[in-house]
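These notes are about the structure you will find just below.
Laboratory data are not the source of any read-out in this text; all were calculated from the coordinates shown. Keep in mind it's a predicted model, so treat the numbers as computed, not measured.
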Amino acid sequence: MPSLEQQPSGLEISKKEKLERLEKSLSSSERAGLIKRWRDVSNNSEAKENLAAFARLGINVGITIADMVPGAGEATETGLNVLRLAGNVYPWLREIHPTKSLSATETIAVQALSSPAELASLGTAPTYLINTIRQTWADYKAGNFSKLKYVAGYLITGDTDYYNKLKENSSNLDTAAGLFKK
């Protein structure tokens, strides 16, 4: 048993406990805030589409980089073409495809037409870059990157100004869509 000099006083224990409780409460409140912000964003269709377009861009860049490894890129592209064709049977597969704006005919034609480049470069030419650029351009033209800075700003900082701008634009779009439905 420690002597009285070695034992911390009641005041020191309470300070230590208070500090630990404060650290725990901050981390749990931060988690709760992030979960709330994520729910807010997931209830906004425009925000979800912006995040999906950003995810597609990241996936496509990764596939393009993998395409520079002989064999890996070809296997990935072939797998994606099979996934796209399977989307005709299972429609939900079309929604998760990284080049969902491109048709199966387009992607297979790009792969077929780029085969000479693949052969000449011994499989190191990043020919998937064509699909990446075409999908990114389709997302850009559809406005799928327009509110990404507000979505990211709200998710990261929790600043409601970002969220209000995101909601404001979405309500304007909903109002405009309602006018066209009449």
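The table for this structure:
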item	result
Relative contact order computed over segment 64-142 (Cα-Cα under 8 Å; 6+ residues apart), in percent	41
Quarter of the Cα convex hull surface for segment 64-142, i.e. its orientation-mean projected area (nm²)	4.9
Surface/4 of the Cα convex hull for segment 37-182, nm²	10.4
